[in-house]
Structures are given as structure tokens and as C-alpha cells.
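To start, the structure itself, in C-alpha cells.
Every read-out reported here was derived from the displayed coordinates using simple, explicitly stated rules and does not represent laboratory data. What you see is a predicted model, and the numbers here were worked out from it, not measured in a lab. Virtual Cβ from ideal backbone geometry, glycine too; neighbours counted across all protein chains shown.
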Amino acid sequence: MKIGFVSDSLGGLSFDQVLDNAARIGVSGVEVNTGGWSTAPHFDLAAMKASAEARKAFRGAFETRGLEIISLNANGNPTHPTEPKQGECLKDTIRIAGEMGIQTVCTMSGLPAGQKGDLMPNWVVSSWPPETRRILDYQWNEVLIPFWTGIAALAKECGVERIALELHGNQCVYNVPSLLKLRQAIGPVIGANLDPSHLFWMGADPLVAAEALGEAIYHVHAKDTMLNPRVQATTSLLESGGLTDIPARSWSYITLGFGHDETWWRNFCYRLRMGGYDGWLSIEHEDILLNSLEGLEKSVALLKGVIPVAPSNFKLQAI
């Protein structure tokens, strides 16, 4: 496995500063945000789409520092009912990835409206009342599957082999069954970006999820979550409070090791290896209280102590 980080983790730094710090702290690559919910401070989508020279210079900045481009990440809602630019961002990201020889694109599955004509996305998290079933039927059969059928065709045309969908709240694909459902409908171009931080606050177990997904894991985000039992006891994990008031929240994103210790992360890496995953662990630093560079350095230090690096060489003795 190899360690990298998401470029927005150092969103306040320039592109060159991000890459210089990546080389300094000893990671192997950087995952680059291209748009969607990100302002993409390190990637000019329009310029990259228009200019082969811009793409060459971008890649060259990595190569001169001995770094890899892990993937491109269009982390928005590509099926938003009133913001088509989010879907276009994903399509352009796939086209650019193909031009640059990048075979993995990270994104979200999307969350459509609850019915045709609605203006806002609608996330169903309960099987009651009865209209929830009608909402899900519309979202999946009328929007999601047709949309991703087209995206899969575009990815094939561009030479992008893997689309890694983040199991994320407020998306149609947010857990293991929903990821496998879309993968079955669309094909093996669809896989998981397994981010344990989201599974933590939704009450799932990322260790079991890693085993259940197996070969469907195409990417891993290394991000931690702190659960706050005293608040959770009265509010549950369905948290809608502001992200910045951490003491008042039942859960918050936090630096690796501050929510779950090194032993947990060691087990997580081992479960990934058990399922056949030997790819990237891309740190996504979203801890509000810690300095971004300090938090990233601490996260890298933790992962360096727990990831399997060399291939197994065990052989049974002939007895």
C-alpha cells in the first residue's frame, strides 16, 4: 500500500507548496480535487481541459518531485436536480483523466430529487412512510442508473478504468449494499472509495465493510471520526448542527488517531489486505481544531507505522 493525501487537505497553500510538503513528509502521491463541492484551488479545470501543455506542466510538477497523481476527485453531487454543472464537472474530470493517463476518478454517486420537478436532493434513510419507496424507485430507476450508464460509457471511451464512489451520507450510494447495487447495474467500472469516517457516524463497521467489498474497493480515504457519546445519548448520530461547534456535535471529523487509535488503523489496513486491496491510502484532513499541516503530518506518521508495504513472501514448508 502507498500513502498520499487529498490536495484540499492543504487548501490554503499554493500548488507548489502542496507538492513540496508532500515530498518533505514522505508521501508517494497526491489526490487532486477538480471541482464539485471543492473550489479546486490547485486545479484549473477549464485550462486543463483546453490545453495539452497545461496538462503536461501539471504532471511534470509531480514527476520532478518523485510524486504520483493518485487520482482526480470530482467530489460533488453529479445528479443534483438544479445544478447541472456538478455533473459536467465529473464528465470533464473523466475526460481530463483520460488525456493524462490517470485511470482512477473519485466522486460521489449523486443524490437526485425525490420526484421529477423537485428542486432539492432528497436522501431517504428510512423505509417508512410509504412515499419513501416511491422516492427511491424514482431516484434509482429514473435518474441514477441512466446517468451512470452514460458515465460508464464515457469512462470507457476515455480509458478511465475505475470510478471510485465514496460511501458518503446524503448520497444514494452510502453503504455496502447500495454500492454493490449500482455496481451490479452498471458494471465493474464502478467501485468503492472506502472512507471509514462516514461509516463511523452512520453506525456501520468499516472493518467488516472492507471484507464485504473485497475486490470492489478501488480507493481508500484515510479519515477519522470522533464520536461524542454524551451528545449522542440525547441527539443520536443524526447530526445537523454546525460543523465548527465540535463540543455540541455527536460526531466530528478528526485527525487520524484522535478518534480511533493506531490499533484500529492497523486492523483496518490488515482487513484491506485480506480483501485483496493493495492500493492508496489517501489522507483527507478535515479536522477543524488542528492546523492542517500538523494534522496531515501526524496522520502520515500514524499510517507509516501500520500499512503493509512489502509483498508477502510466506511459503508453507514441505514437511
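Laid out as a table, the results:
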{"item": "Residue-by-residue Karplus 3J(HN,Hα) for the stretch 23-33, coefficients 6.51, -1.76, 1.60, Hz, glycine and proline x", "result": "5, 5, 8, x, 8, 9, x, 9, 8, 10, 6"}
{"item": "Estimated dipole of the stretch 171-316 in Debye, rounded to 20 [Cβ of Lys and Arg +1, of Asp and Glu -1, Cα centre]", "result": "420"}
{"item": "Set of lysines near K116 by C-alpha distance (under 30 Å), chain-local residues within fewer than 8 positions excluded", "result": "K85, K91, K156, K181"}
{"item": "Helix-only mean residue ellipticity at 222 nm for the chain, each DSSP H run of n ≥ 4 adding -39500 (n - 2.57), per residue, nearest 500", "result": "-12000 deg cm²/dmol"}
{"item": "Computed over the stretch 227-266, Kirkwood Rh from alpha-carbon pairs, angstrom", "result": "10.9"}
{"item": "Residue-by-residue Karplus 3J(HN,Hα) for the stretch 66-83, coefficients 6.51, -1.76, 1.60, Hz, glycine and proline x", "result": "x, 10, 10, 8, 5, 6, 9, 10, 9, 8, x, 9, x, 10, 4, x, 10, 10"}
{"item": "Loop sites in the stretch 82-181: trypsin sites (Lys or Arg not before Pro), DSSP, at most 11 other Cβ within 10 Å", "result": "K116"}
{"item": "Antiparallel DSSP beta bridges within the stretch 193-319, as percent of all bridges there, nearest 5", "result": "45"}
{"item": "For the chain, share of DSSP beta bridges that run antiparallel, in % to the nearest 5", "result": "15"}
{"item": "Orientation-averaged projected area, Cα convex hull of the stretch 1-106 (nm²)", "result": "6.5"}
{"item": "Taking only Cα atoms of the stretch 173-261, radius of gyration then Dmax in Å", "result": "14.6, 43"}
{"item": "Measure of compaction for the stretch 117-186 (Cα Rg per 2.2 N^0.38 Å)", "result": "1.21"}
{"item": "The stretch 88-209: translational diffusion in µm²/s, Stokes-Einstein, Kirkwood Rh over Cα pairs, 4 °C, 1.567 mPa s", "result": "86"}
{"item": "Long-range amide H partners of D224 with built H, under 5 Å", "result": "I254, L256"}
{"item": "Ranking of V309, V124, V6, V300 by count of other Cβ atoms within 10 Å, fewest first", "result": "V309, V124, V300, V6"}
{"item": "The stretch 32-162: C-alpha gyration tensor shape, a/c 1.5 cut-off, then a/b vs b/c", "result": "prolate"}
{"item": "Long-range Cα-Cα pairs in the stretch 164-216 (distance over 17 Å), rounded percent", "result": "24"}
{"item": "Signed unit charges on C-beta, dipole axis of the stretch 127-270, positive-most listed residue V143, A212, V231", "result": "V143"}
